[in-house]
1. Write down the percent of antiparallel bridges among all DSSP beta bridges whose residues are both part of the chain, to the nearest 5.
2. Based on the mean of other Cβ atoms within 10 Å per residue, sort peptides 42-49, 102-109, 115-122, 146-153 so the most packed one is first.
3. First check a/c for region 30-143, with a ≥ b ≥ c the square roots of the eigenvalues of its C-alpha gyration tensor; if it is under 1.5, answer rounded, and if not, answer prolate when a/b is larger than b/c or oblate otherwise.
4. Taking neighbour Cβ counts within 10 Å as the exposure measure, how do 257, 207 sort from fewest upward?
5. Which order results if 35, 209, 215 are arranged by neighbouring Cβ count within 10 Å, fewest first?
6. Quick one, could you list the DSSP H helices from the chain stretching 20 Å or more along their long axis (Cα atoms) with average Kyte-Doolittle hydropathy of -1.0 or above?
7. Report the calculated FRET efficiency for residue 7 and residue 281 (r = Cβ-Cβ distance, R0 = 45 Å), to the nearest 0.05.
8. Over the chain, what relative contact order in percent results from Cα pairs under 8 Å that are six or more residues apart?
Amino acid sequence: MREYTPLTITDAVLEQMAETPDARMKEVMEAAVRHLHAFAREVNLTPTEWIKGIEFMTKVGQACTPARQEFILLSDTMGLSALVNIMHDKTKVEEATSASLLGPFFRENTPKFATGAQIAKKPDGAEVVMYGRIANAQGAPIPNAQVTVWQTAADGRYDIQNGIEEIDCRGIFQADDKGNYLLRTVRPLGYFIPLDGPVGQMVMSQKRHGMRPAHIHFLISAPGYRELVTALYLAGDAHLDDDVVFGASADLVAHVKDGDPACPIKGLPSIQFDFNLARESEADRRAGRVGADPAAVTASDGKNTTPYGAPPPEMAAAAVAAAEPKKSGGIFSGLFRSR
Ligand code: BEZ
Ligand code: FE
């Protein structure tokens, strides 16, 4: 009989898995075992601690419903989603606009709008125009690309946080034959990721602020090009450098300008941003959507569909307190004042 030591047990597991027929699955699982064992050895994991970890992951699974994907949130807050995203982005066949997290609030069910339409049901004086051009890697316009956009309403919440039936601040637009897109929205606010579940408990226990910088999500597609899942982050936001899910990057920062003479709609603040799409590769054609609709992971299992809740009051209060010295319109002030 074999005797296992903290080192030989790893090889024993790998040996048992050696006949896995799917080569990629074998590679991934072998690496998972090697790294998990190395992790347990490094921290000298105790049985009590491992049960705690299992309890935590059980709670993460139990928090998932068709309207909520707590495991994706766990991956996001541990930087794994961003890492996978960054690695995938490097496989583009040519330089183009960087990708950013799809996030849990994307949904397939999104209304179509005419060019220049307002996607917010209640713009409430926070209107912003967005315009720019969709081009290829060489800068030549791509005609008629589809531009899907979604973001928080002017109160800093996504529609789905108010209920799965509500649809607001999201829309599908078509760029024109010269690649130009144009829409109206509201200025998004930075917001807390959902903190009312086990992942929120983890984030709070790590003394993290739990916020994302203000941003607008985009999903842009055109035949023959790699689908671009990205987001624009508003310049000046206090959390550009410490996004709780590590999605913000310098090349995706957008500026809200007043009186831009080039803006096709006058009299409103505006954001101009051009997007570049990379040619679609063979591998892209096989890969499907990066991120996919998170609701699909748990869809229609008959469980309740309680959406994400509000941040705990003490977190909200801490955020307000942290923002106090910056009286000059930081994102926190936007969250808690009326416009
Ligand atoms: C978002 O951008 O909507 C998001 C991304 C990751 C986690 C939570 C929210
Ligand atoms: Fe978002």
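The numbers here are math on the coordinates, done by the rules we state, and not lab data. Here the structure is a predicted model, which means the values were calculated and not measured. A quick note on method: Cβ atoms are made from the backbone with ideal geometry, for glycine too, and the neighbour counts reach across all protein chains shown.
1. Numbers: 29 of 39 bridges.
Restricted to the chain, the bridges split so that about 75 percent are antiparallel.
2. 146-153, 102-109, 115-122, 42-49
3. Values: a/c = 3.65, a/b = 1.73, b/c = 2.11.
Here region 30-143 falls in the oblate category.
4. The fewest-first ordering by Cβ neighbours comes to 207, 257.
5. 35, 209, 215
6. Answer set is 23-43, 47-62.
7. On the way: r = 41 Å, r/R0 = 0.92.
Working from the Cβ atoms, E equals 0.65.
8. 23
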